[in-house]
Amino acid sequence: METIMRLWTIDELMLLIREELCRLAEELEQGLAGLEPGTALRLTALTSLDNIRRVITWRKLSY
């Protein structure tokens, strides 16, 4: 889970295809349940999810 809970940058995410973005978002969302509110790992996961949603929107992909 730690490899998934790293900060995914927009530059990194722009290289992924739609399926990879959706799978990564799903894994991050599932991992959020096990993270305490206010922790650094949770903030990292939320920031990565936000970045994924931005990339999907910019590239006009459906989510």
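Numerical summary
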read-out: Listed residues GLY31, SER62, LEU13: farthest to the positive end of the dipole of the chain (Cβ charges); value: SER62
read-out: Relative packing of 36-47, 20-31, which averages over residues the other C-beta atoms within 10 Å, highest first; value: 20-31, 36-47
read-out: Helical mean residue ellipticity (222 nm; -39500 (n - 2.57) per DSSP H run of 4+; nearest 500) of the chain; value: -19000 deg cm²/dmol
read-out: Computed over the chain, Cα set: Rg, Dmax in Å; value: 11.2, 33
read-out: Nearest 10 degrees, 0 to 90: helix 40-58 Cα axis against the chain principal axis; value: 10 degrees
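The numbers here are math on the coordinates, done by the rules we state, and not lab data. Treat the numbers as computed from the prediction; the structure is a model and nothing was measured. Note that we place each Cβ from the backbone using ideal geometry, even for glycine, and neighbour counts take in every protein chain shown.
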